[in-house]
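The values are calculated or read from the model by the stated rules, or taken from the named source; none is laboratory data. Everything quoted here is computed from the prediction, not taken from an experiment. Note that each Cβ is placed from the backbone with ideal geometry, even for glycine, and that neighbours are counted across all protein chains shown.
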Amino acid sequence: MEQMNPVEILLVEDNPADVELTLRALKKNNLTNQVQVVSDGAQALDFLFGTGPFAGQKHPIPPKVVFLDLKLPKVDGREVLRSMKSDDLTRLIPVVVLTSSKEYMDIVESYKLGVNSYVVKPLDFDKFVEAVSQLGLYWVLLNQAPF
């Protein structure tokens, strides 16, 4: 079984521009060394559960946090969240929904499914970079994970 380097942040985002902005914001705080980017919900589940293209790859430590967009191709963010929070292997991994949706029902449903934080992506570039920087610093460096 091939062992992978530990991943601190799993970024689940289908918009290449948002991926680039998020990575740039994380890099500003030296948090990009251990980021895994996947572009849809199916890839996120494959990564988390070691299936599909990630089959046979051992994840010795789960990610410290998952940054999850809601509107994703193949499997939407709600289903990723539902699957994660219903499985003992992934239930304790913190999940931050990072999305453009301000819809009340998206927020409520995300919290009902067990999200740890819900952040609406700021439209302003500088505010977006600052928000992601703060999220990365908090979840990677300050938060005490149970694993």
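Among the listed residues Val66, Val80, Val75, which satisfies the condition of being of a type in the set (A, V, I, L, M, F, W, C), surrounded by fewer than 21 Cβ atoms within 10 Å (Cβ to Cβ) and out of contact with any Phe, Trp or Tyr (no Cβ under 9 Å at 6 or more places or on another chain)?
Exactly one residue qualifies, and that residue is Val75.
Hey, could you check segment 91-129 for residues that are basic (Lys, Arg) and under 13 Å from Leu70 (Cα atoms) and say which is surrounded by the most Cβ atoms within 10 Å (Cβ to Cβ)?
Lys121
Name the one entry in Lys71, Lys102 that is of a type in the set (Lys, Arg) and within 24 Å of Thr32 (Cα to Cα).
None of the other options fit; the residue is Lys71.
Write out, first by first residue and then by second, each pair whose Cβ atoms fall under 7 Å of each other, whose residues are 6+ apart or on separate chains, and whose first residue, in segment 96-107, is within 18 Å of Arg82 (Cα to Cα) and touching a residue at least 12 places away in the same chain (Cβ under 8 Å) while the second is among the polar types (S, T, N, Q) and assigned to a strand (DSSP E or B).
Taking only residues 6 or more apart or on different chains, the pairs are Val96/Ser117.
Which ones in segment 1-53 are of a type in the set (Gly, Ala, Ser) and over 12 Å from the mean Cα position of the chain (by Cα)?
Ala17, Ala25, Ala42, Gly50, Gly52
Could you go through segment 9-27 and let me know if any residue there is of a type in the set (Asp, Glu), farther than 25 Å from Val108 by Cβ and touching a residue at least 60 places away in the same chain (Cβ under 8 Å).
No, there is no match, as no residue in segment 9-27 is of a type in the set (Asp, Glu), farther than 25 Å from Val108 by Cβ and touching a residue at least 60 places away in the same chain (Cβ under 8 Å).
Would you be able to say whether some residue in segment 76-90 is at pLDDT below 95, in contact with a Leu (Cβ under 8 Å, 6 or more places away or on another chain) and acidic (Asp, Glu)?
Yes, the conditions are met somewhere in segment 76-90.
Does Leu45 satisfy being among the hydrophobic types (A, V, I, L, M, F, W, C) and within 18 Å of Leu137 (Cβ to Cβ)?
no
Taking only segment 136-147 into account, find how many residues are surrounded by 11 or more Cβ atoms within 10 Å (Cβ to Cβ) and either among the β-branched types (Val, Ile, Thr) or out of contact with any strand residue (DSSP E or B) (no Cβ under 6 Å at 6 or more places or on another chain) (or both).
7
Only one of these conditions is not met by Thr22: (1) buried (at least 20 other Cβ atoms within 10 Å of the Cβ); (2) farther than 19 Å from Val132 by Cβ; (3) not aliphatic (A, V, I, L, M). Which number is it?
(2)
Return yes when Val97 is modelled with pLDDT of 85 or more, under 17 Å from Leu48 (Cα atoms) and touching a helix residue (DSSP H, G or I) at 6+ places or on another chain (Cβ under 6 Å) and no when it is not.
Yes, satisfied.
For residues in segment 32-59 being of a type outside the set (D, E, K, R) and more than 19 Å from Val95 (Cα to Cα), which is modelled with the lowest pLDDT?
Here the answer is Gln57.
If I go through segment 97-122 residue by residue, how many of them are under 22 Å from Ala25 (Cβ atoms) and either assigned to a strand (DSSP E or B) or aliphatic (A, V, I, L, M) (or both)?
Of the residues in that region, 8 qualify.
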